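What follows is one structure encoded as structure tokens, with my remarks underneath.
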Amino acid sequence: MKLYSTLSGTMEPLIPIADTITLYVCGLTPYSEAHVGHAMRAVIFDVLRRYLEYQGHDVKHVENVTDIDDKMIARAAEEDITVKELSERNMKLYMRQMALLNVLPAHIYPKATEEIPTIIEMIQRLETKGIAYDISGDVYFRVRLNKDYGKLSHRTVDGMRAGARMEIDKRKEDSMDFALWKSQKPDEPAWDSPWGKGRPGWHIECSAMVSKYLGNNIDIHGGGQDLIFPHHENEIAQTESFSDQPPMARFWVHNGMVQLGEDKMSKSLGNIVSLQDAFDSHSPNALRLFFLNSHYRSPLIYREDILESQERALERLQNALEPSDSTSGMLDVTGFEDRFVQAMDDDLNTPRALAVLFDLRREINRARDDNQDVTSAQSLLAHLGSVLGLQLDYVTDNSGDVAPLVELLIKTRAGLRSAKQFEAADHIRDRLTELGYTLEDTPGDTTWKRS
Ligand SMILES: [Zn+2]
């Protein structure tokens with residue numbers, strides 16, 4: 001497949017370095033619960049992984065947890081709980097929400113606080129090489145020694161320096177130098193280190209985890225576009241200075257941001273839709289469909305009406321899977337899977353891949369009207385849907401499960417009708433209709449179907 005890399009600014013063929021494709025995605029800072037933007041990032045990289053696995057690759061997927069930083073410390077203090085308690089609470093919720101979204105769990109979720117020795121080791125090596133320097137317990141990265149600095153975000157150091165806001169820390173050699181280790185402030189959690197008690201900076205955490213779990217040259221490093229600078233730029237600088245073996249990652253893949261109106265959804269702007277709020281009014285499946293209906297590198301505007309329409313689009317796909325007993329000749333579905341693969345090979349073009357699914361659905365409905373056997377077309381639809389992480393077999397299975405309950409309600413309604421309690425009987429019929437089960441009265445009998 002071809003994938004766009006922010007580093008080269010072009011689409012390039014993805015040729016795995018080794019048998020297993022290594023994928024690292026920057027994860028959550030669990031100071032509060034996840035919002036819709038986090039869900040989009042998770043779904044996009046889930047689909048990338050699912051597609052690579054569908055193509056027969058093994059994928060090793062690591063996602064970090066930034067369980068110590070300024071925001072974690074501030075929020076824990078506000079709530080009068082420990083940073084660890086805060087992290088555990090929000091991570092538990094996040095993992096539950098990811099399961100609802102049908103996001104495959106990463107193979108490893110390393111936590112910053114559990115990787116301190118690896119982080120210290122990396123900083124020490126950078127210090128030995130003269131790339132890191134210590135000023136009374138704070139350790140910084142010497143940006144000017146890194147000739148490649150700016151290669152990911154496609155900026156020059158001088159340009160960045162001009163754009164940088166006034167630095168608070170005047171002790172740094174250069175305003176562009178960034179912290180690798182921060183000395184302990186009063187009441188902050190801290191770990192012993194060669195530079196005294198303190199805690200790691202954010203960027204070094206990812207470099208250390210990538211190196212430890214996936215190596216110094218990985219296939220794909222992912223995250224939101226908001227992480228390109230400075231976070232990912234700094235990760236590259238650290239890791240490549242540490243290993244002297246560029247590139248840290250063959251592909252730097254960045255998803256677009258979810259917006260609410262004109263602005264990026266972010267805590268600082270206060271325009272957040274929490275994932276829980278989204279789940280309260282929309283199914284996780286519809287939310288996934290919403291993310292995939294636009295290309296992953298484009299910004300995505302969160303709109304209730306569009307999510308509503310995804311819910312109906314999803315129903316249309318699911319209804320095409322309704323079992324059918326027509327048997328006169330198998331519907332030929334040659335070409336659909338190839339078109340799906342072509343779309344996905346083209347920088348994960350999920351909107352085009354979804355269009356193939358909807359074409360297939362239309363073909364199934366047409367063939368069913370012609371009394372053709374659609375079973376293999378249906379399993380192809382469900383299979384390709386699953387590559388996108390859509391749970392399309394859900395309703396089919398479910399309608400099997402609910403059948404006895406619907407039959408029971410129909411019998412109850414018949415009983416009410418013969419007792420002339422028409423209001424109660426109509427209530428049952430109306431509620432079933434609302435739930436998507438249409439009753440049809442024929443003389444002496446009532447049948448039902450999913451609408
Ligand atoms: Zn990171």
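The values are calculated or read from the model by the stated rules, or taken from the named source; none is laboratory data. Note that the structure is predicted; figures quoted are calculated from it, not measured. Positions of Cβ are generated from backbone atoms using ideal geometry, with glycine treated the same way; all protein chains shown enter the neighbour counts. These accessible areas exclude ligands, DNA and RNA; they are computed on the full protein's heavy atoms, side chains included. Shrake-Rupley method; radii C 1.70, N 1.55, O 1.52, S 1.80 Å.
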*Which residue pairs have Cβ atoms closer than 7 Å, lie 6 or more positions apart in sequence or on different chains, and pair a first residue in the stretch 24-43 that is polar (S, T, N, Q) with a second residue that is away from the ligand (no atom under 16 Å from the Cβ) and in a helix (DSSP H, G or I)?*
32/75; 32/90
*Select from the stretch 199-230 the residues that are in a strand (DSSP E or B) and either in contact with a Pro (Cβ under 6 Å, 6 or more places away or on another chain) or more than 16 Å from residue 179 (Cα to Cα) (or both) and list them in ascending order.*
218, 219, 220, 221, 222, 223, 224
*From the residues in the stretch 182-198 that are closer than 16 Å to residue 169 by Cβ and not in a loop (DSSP other than H, G, I, E, B), which one is farthest from the ligand (Cβ to nearest atom)?*
183
_Only one of 303, 297, 250 is surrounded by fewer than 20 Cβ atoms within 10 Å (Cβ to Cβ) and more than 18 Å from residue 42 (Cβ to Cβ). Can you tell me which?_
303
*Identify, by number, the condition in (1) within 16 Å of the ligand (Cβ to nearest atom); (2) open to solvent by 10 Å² or more (accessible area, probe 1.4 Å); (3) in a loop (DSSP other than H, G, I, E, B) that residue 22 doesn't meet.*
(3)
*Consider residue 141 carefully, then state whether it is open to solvent by less than 10 Å² (accessible area, probe 1.4 Å) and within 16 Å of the ligand (Cβ to nearest atom).*
yes
_Looking for something out of contact with any helix residue (DSSP H, G or I) (no Cβ under 9 Å at 6 or more places or on another chain) and away from the ligand (no atom under 16 Å from the Cβ) - is there at least one such residue anywhere in the stretch 26-42?_
no
*Before we move on, is residue 80 away from the ligand (no atom under 16 Å from the Cβ) and more than 30 Å from residue 196 (Cβ to Cβ)?*
no
*Could you please find all residues in the stretch 57-73 being touching a residue at least 12 places away in the same chain (Cβ under 8 Å), part of a helix (DSSP H, G or I) and either open to solvent by 10 Å² or more (accessible area, probe 1.4 Å) or more than 16 Å from the ligand (Cβ to nearest atom) (or both)?*
71, 73
*Long-range neighbours under 6 Å by Cβ, at least six apart or interchain, first residue buried (at least 23 other Cβ atoms within 10 Å of the Cβ) within the stretch 347-364, second β-branched (Val, Ile, Thr)*: 364/374
